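One structure is given below, encoded as structure tokens.
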Amino acid sequence: MTAKRKETILQVSATNQEQWEEVLATKGLTVVDVYQHWCGPCRAVISLLRKINNELGDDLLHFATAEADGIDALRKYRGKCEPTFLFYGGGQLVGVLRGADAPLLQRMIVDQLAKEKLVLEHGGQRKVVVDNELALDEIVEQGGHQLSEGGDGIIAVPASKSYTVAVIKPDAVARGEADEIITKIQDAGFEILARGERTLTEAQAREFYQRKATEDGFEDLVQSMSSGPSHILVLSKPDNSSDAVEAWLRFIGPADVDEARRRKPESLRAQYGTRTPFNAVHGSEDANQAGRELAFFFPDPRSVPGTARDAEEERVERTLALIRPLAAREDREEILTHIKKSGFQLSLQREVTLTEEQAREFYKHRVEDDDFPALLQSMTRGPVLALVLTREDAVRHWKNMLGPSDLRRAKEEDPECLRARFSAEGDPVNQLHGSQSPEEASGEISFFFPVQQTLAVIKPDAVDQHKDKILQEIRDRGFSIRRLEEKLLSRETAEGFYKEHRKQPFFSQLVEFMCSGPSVVMILEKENAVEEWRATMGPTDPDRAKAEFPDSLRARLALDVLRNSVHGSSSRKRAQEEIQSIFGEPTGITETSDEHSNEATLDEQKQQYEGDTHESNPHSPA
Ligand code: ATP
Ligand code: MG
């Protein structure tokens, strides 16, 4: 194949349906530039395509242009002037890219070609996508086409298939009933075409229930739908044996829980609903609504795997960085500056003094190494600063910045690397750690930042004025709200809750205040939730909060040291006790990382944190 020949056949041109069908019949991956008659194909990318074609020189890679005006199958693209590239494998749409973004186009071509080869050469499954920007029209018109899903893969549905969108609502998810409900759904003969977990913001919940905006109880509905994660399921009946929308509505029963219990005791809402609007599950009312709801949960074409955002973001990842004790003491600020300047986001951080046992556990794959004793000593001589760093390709970038792990080599070969620059006198071991691979990163991150639950309370002084703001902040900071109730605490509960302070002079005032009006009690969940929520609240005394952590909730909202707006458990142990005493249930989290328990350290930290060395908590609530 000469370059000249390639040039002449670079893009096959299709201007009518017949030619288009020929394009689709081509074996391999075809990258199609869809264009409008009046503006012609995208010239900006031609040299790029030629370059890629020359570099890859692959018989399975083809390029085509398609004029939307003349091709019926592309009528949905008529009148859209943004450059659009469609990727077809075996005649099926496998990717969409809008905009002439050359690097992204190149990445997608390489990526999609590799996928198509897996399909053709190794019998892999082809992931078909829907161009969601057009999906709604298609679905409404054709009564079902292809469904796709943001999480576990793409499921194609024959055009004739009837489907519905089912939601297991936050109330049932929070009670830990989702799995049981899903089993019942499957037992009842529904086919789950797609599933995913979503936490709706308040605004999204409003949009979702727009049609009920004028009904009584709308606000409660919005609150309940945005109070935590929901499970979204796309359901159908196998072989189209019955209409999925109707079958699901029958299965869940009447919206009003009392009515469901009376008339349809076997229905899901009778079994799992508690009281309106907490009726556990949702279903689309009809096929049109199912189409709208599908588009609602998957609104952005790029949220479909295999399309643009996927390619852009697939490499956004996290890595664990450690600054060992000596450097954490001497060079912390300078190292953090380097990290931030290099495009990393500091997603989580905590300072922790590891016991020898914990350090051994963390480095268990290194115990046999000659330098292990030195490493152990280096790790346990004081507080380590643990950081979760996020950016695309984080693992590789951080490793590159660190340089060789052997200090002498680092200094000789790469004197500019962080390990060479921030070595510590008197320590033969380098001062900085980074995960080796994304897999190792996820294990190491959960070692230092296990998922925890904590009890949070919006106290009576803040409920009326600041509740929404605080809830929004909780979500923005990445906490999941697992339970939420607004209630007036009884004297007995308040006394029990603060029993550790019963000898304090302010105790009776405190109990009085806590019973003076309703509180919002919540179970929050996040990695390192106990410390994270305490850092979000800030110091007990708002004057101190204003001086030291001006962004914290108490700095912004609290009235005084008594009426300080929010509460958070002070340790993991207290969190479990408080959740038990308020919600009467143990925490839903079984922390597997309890084996390498950081609890002792956390308690020490708690004392420091609550005492006068507030600075020792590295997490200034930003
Ligand atoms: P919380 O336990 O409510 O999350 P905290 O852990 O920051 O707050 P604690 O020392 O446990 O603070 O005190 C419990 C609560 O008692 C405080 O949040 C505050 O409402 C009240 N309190 C603490 N110190 C005083 C004080 N000196 N005068 C009045 N009230 C106080
Ligand atoms: Mg406390």
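Could you check the spin-label model distance between Trp38 and Ala213? Points 7 Å from the Cα along Cα→Cβ, value in nm.
Going by the 7 Å Cα→Cβ label model, 3.4 nm.
In whole Hz, with x marking every Gly and Pro, tabulate ³J(HN,Hα) for the stretch 419-424 from phi via Karplus 6.51 cos²θ - 1.76 cosθ + 1.60, θ = phi - 60°.
5, 5, 6, 10, 6, 10
Which order, highest average first, do 407-415, 499-507, 166-174, 95-103 follow once you tally other Cβ atoms within 10 Å for each residue and take the mean per peptide? Provide the component values of the computation, followed by the final result.
Values: 407-415: 14.3, 499-507: 11.1, 166-174: 24.7, 95-103: 18.1.
Packing proxy ranking, top to bottom: 166-174, 95-103, 407-415, 499-507.
Cross-link partners among lysines for Lys364, C-alpha distance below 24 Å, same-chain residues fewer than 8 apart left out?
Straight-line reach from Lys364, under 24 Å: Lys399.
Using 7 Å Cα-to-Cβ label points, what is the Glu21/Glu416 separation (nm, one decimal)?
6.0 nm
For the stretch 315-447, what does the alpha-carbon gyration tensor say about shape, rounded, prolate or oblate, given a ≥ b ≥ c as the root eigenvalues, a/c under 1.5 as rounded, and a/b over b/c as prolate?
Cα axes put the stretch 315-447 in the rounded bin.
Between Arg50 and Arg75, what FRET efficiency follows from the Cβ-Cβ distance if R0 is 25 Å, with the result rounded to 0.05?
On the way: r = 30 Å, r/R0 = 1.19.
That pair, Arg50 with Arg75, gives E of 0.25.
Sorting check: for 282-292, 44-54, which peptide has the highest mean count of neighbouring beta carbons within 10 Å, and how do the rest follow? Don't jump to the answer; show the numbers that get you there.
Numbers: 282-292: 19.5, 44-54: 16.0.
My ranking of the peptides, most packed first, is 282-292, 44-54.
All other residues with a Cβ under 11 Å from the Cβ of Glu67 taken together, and with Lys, Arg as +1 and Asp, Glu as -1, what is their net charge?
Counting the neighbours of Glu67, the net charge comes to -1.
Taking amide H atoms as placed 1.01 Å from N in the peptide plane, list the residues 5 or more away in sequence, or in a different chain, whose amide H sits under 5 Å from that of Val12.
Close amide H contacts, sequence-distant or interchain: Phe63, Ala64, Thr65.
Can you list the lysines whose alpha carbon sits under 17 Å from that of Lys237, skipping same-chain ones fewer than 8 residues off?
Lys161, Lys184
I want to check the label-to-label distance for Leu559 and Phe372. Put each point 7 Å from Cα in the C-beta direction and report it in nm to one decimal.
According to this spin-label approximation, the distance is 5.9 nm.
For a paramagnetic label modelled at 7 Å from the Cα of Leu118 toward its Cβ, which residues of the stretch 184-201 fall within the zone defined by backbone nitrogen distances under 12 Å?
Inside the label zone: nothing.
Return a whole-number percent for the relative contact order of the stretch 26-123, with Cα pairs under 8 Å and 6 or more residues apart as the contact set.
Values: 135 pairs, mean separation 36.4, N = 98.
The normalised contact order for the stretch 26-123 reaches 37 percent.
Which cross-chain or sequence-distant (5 or more) residues have an amide H under 5 Å from the amide H of Val384, H modelled 1.01 Å from N in plane?
Val352, Thr353, Leu354
Stretched out fully, how many nm does the piece from Lys340 to Arg477 gain, at 0.36 nm a residue minus the Cα gap?
Working: separation 137, 0.36 × 137 = 49.32 nm, distance 1.88 nm.
So the extension gain works out to 47.4 nm.
Keeping to pairs on different chains or 8 or more places apart, tell me how many lysine pairs in the stretch 2-122 have Cα atoms under 30 Å apart.
20
For the stretch 430-512, just say rounded, prolate or oblate: build the C-alpha gyration tensor, square-root its eigenvalues into a ≥ b ≥ c, call rounded for a/c under 1.5, and beyond that prolate if a/b exceeds b/c, oblate if not.
On the way: a/c = 3.17, a/b = 1.98, b/c = 1.60.
It is prolate, given that a/c is not under 1.5 and a/b is the larger ratio.
What list of ³J(HN,Hα) couplings, whole Hz, do you get for the stretch 184-194 from phi and the Karplus terms 6.51, -1.76, 1.60, once you set θ to phi - 60° and write x for glycine and proline?
Coupling constants for the stretch 184-194: 5, 4, 5, 4, 7, x, 7, 9, 8, 7, 7 Hz.
Suppose R0 equals 41 Å. What FRET efficiency, 1/(1 + (r/R0)^6) with r the Cβ-Cβ distance, do Ala547 and Asp220 give to the nearest 0.05?
Using R0 = 41 Å, I get an efficiency of 0.55.
How big is Rg to Rh over the stretch 467-506, alpha-carbon atoms, Rh as the Kirkwood inverse-mean-distance radius? Provide the component values of the computation, followed by the final result.
Details: Rg = 14.5 Å, Rh = 12.7 Å.
Using Cα coordinates only, the ratio equals 1.14.
With a 10 Å radius around each residue's Cβ, average the other Cβ atoms per peptide and rank 270-278, 332-340, highest first. Please report the intermediate quantities before stating the final value.
Values: 270-278: 19.2, 332-340: 14.8.
Highest mean packing first, the order is 270-278, 332-340.
Where a number appears in this text, it was derived from the coordinates with a stated rule and is not lab data. Just so you know, these numbers come straight off a predicted model, no measurement behind them. As a convention, Cβ positions derive from the backbone with ideal geometry for all residues, glycine included, and neighbour counts pool all protein chains shown.
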